[in-house]
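Read the figures in this text as sums done on the coordinates, not as results from a lab. All of these numbers come straight from a predicted model, not from anything done at the bench. Using ideal geometry, Cβ is built from the backbone for each residue, glycine included, and neighbour counts are taken over all protein chains shown.
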Amino acid sequence: MYKQLIRYHIKQGIWPLASLFLLAVFSYGFGSYTVIDNFGTYGGAESEIIQSVLISPSFAGFGAILIAVFAILLLGKERGSGRSLMLHALPVNKKTLYWIKWSLGVAVLLILPIIGFFVSWLILQGLGGINPFDYVSLSDLALDFVSYFLFDLVVFSIFLLAGTIAGDVIGQLLLGLFFLFLNYLTFLAVVAITTLGFGLAEEGNSSFDFLTTTASPFTLLFQDEQLISALIFNLVLLVILISCGSLLYVKSENERLGRFTVFPKIHPLLIIVFSVYTTVLLAAVIGIISSENQFLYWLAVAILAWPAFSSYRRMIGWKR
C-alpha cells in the first residue's frame, strides 16, 4: 500500500522532480566542468568558487521554486481535481498521507544535493586534478548545506501548509506566497504607516529589522550575518509549519472542491488581512509618488480600502 502511495505521489509531481534533476545536473555537473576550464582565472577566489560548486546556492535558489510547485501538485491540484476524495477513501490515516507527502519533499532535497556533492567532488578530483579540500573545509560545507537545505525545506513546508488550507491550486499559490513573504510585507507596511502616514523619521536600526534578517527564510540563502539566529528561527518555524500542516490536513473533512479554502470560517479573517496589506502597500506607492505627502497617503488608504475589500470578498467569498 505504502509503495503504491509513494509511486502515486512521485507520478503526481513528476515534472518538478524531473526539473530538479536537470537543475542538479546543471548546477553540480556543468558547474564543476566550468571550474576546471577556468580554474587559473579566479585570482584568489578559488575557495568561494569551489564551495559554491560542491554546495550549490543556485540549486537551492531555483530548487525552492520547483519544490514549491511540487507541493502545489501534491495538494492543490489533487484537491482541486477531486482525486483527494479517492485518496482519503483508502484505509490509510490522513496524517500518514500528509507525512508521506512531506517526507518525499525531504528526500528529494536531501538526496539530490548529496549526490551532486559527490559528483562534483569526483569531477574536480578525477578530471581536473583539483582536490577540493585543499581550498574548503568540511565545517564550512556543512554550514552551507544545512542553510540551503533548511531554506528549501521551509519553502516546501510553507506551501504544503498552504495546501492544507486551500481548496484548489490558486488558493494554495496565493496563500503560500503570502506566508512566504509575510515578514517583508509586514515590514513594508509598518514602514509605510510610520514614515508616510505619521511622518516619523525612519531610524537607522529599526526594531523591525529582524523581519528582514533573522525572521526570513531568505537570510539562509543570501546573508552571512546573523546566520546562526536565522537558523534557530527557521528550525522553530519549520516545527510550527509541519505541526500545523499535519493537524489541518486531518481537520479538513469537507474537501469543498473549487473553493478558495476548505475552512470557510476563516474567510472573513483572510479577506480583512489581505485587504489591509493591499491597501497600506498600494497607498505607500501613491504616497511615494506624491513626494511623501501625509494627507495624500491617508486619502489613498481611504479610496483603496473598499475596492480591495470588495475584490477579495468576491474572490474568496465571505460565507461559504
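Have a look at 132, 142, 237 and report the one farthest towards the positive end of the charge dipole of the chain, computed about the Cα centre with Cβ charges (Lys/Arg +1, Asp/Glu -1). Looking along the dipole axis, the top candidate is 237.
Amide H to amide H under 5 Å from residue 261: which residues, 5+ apart in sequence or cross-chain, H placed 1.01 Å off N in plane? Residues meeting the amide H criterion: 167. Just so you know, the Cα atoms of segment 18-80 work out to an Rg and Dmax of 15.8, 54 Å.
Candidate membrane-span-like segments in the chain, meaning DSSP H helices with Cα atoms spread over at least 30 Å of their own axis and a Kyte-Doolittle mean of -0.5 or above, are 94-122, 138-165, 227-251, 267-289, 294-316, with no membrane implied. Ranking 113, 97, 61 by Cα position along the charge dipole of segment 1-141, where only Lys, Arg, Asp and Glu carry charges on their C-beta atoms, puts 97 farthest toward the positive end. Dividing the summed -39500 (n - 2.57) terms of all DSSP H runs of n ≥ 4 by the residue count of the chain sets its mean residue ellipticity at 222 nm at -22500 deg cm²/dmol. Extension gain, residue 11 to residue 303: 0.36 nm times the residue separation minus the Cα-Cα distance gives 100.3 nm.
Here's the list of lysines a cross-link from residue 11 could span, going by alpha-carbon distance under 22 Å and ignoring same-chain residues fewer than 8 apart: 3, 77, 94, 95, 101.
Specify which labelled value, from (1) 6, 22, 26, 24, 16, 7, 1; (2) 6, 29, 37, 23, 5, 0; (3) 5, 16, 20, 20, 15, 9, 6, 4, 3, 1, 1, 0, agrees with P(r) over Cα pairs in 10 Å bins from 0, in percent derived from the coordinates of the model shown. Read-out from the structure maps to (1).
Between residue 114 and residue 138, the contour length at 0.36 nm per residue exceeds the Cα-Cα span by 7.3 nm. FRET efficiency for the residue 269 to residue 178 pair, using the beta carbon distance and R₀ = 22 Å, is estimated at 0.95. Measuring nothing but how far apart in sequence close Cα pairs (under 8 Å, 6+ apart) lie, relative to its length, segment 275-320 scores a relative contact order of 42 percent.
Projecting the Cα atoms of 191, 6, 158 onto the dipole axis of the chain, where Lys and Arg carry +1 and Asp and Glu carry -1 at the beta carbon, places 6 farthest toward the positive end.
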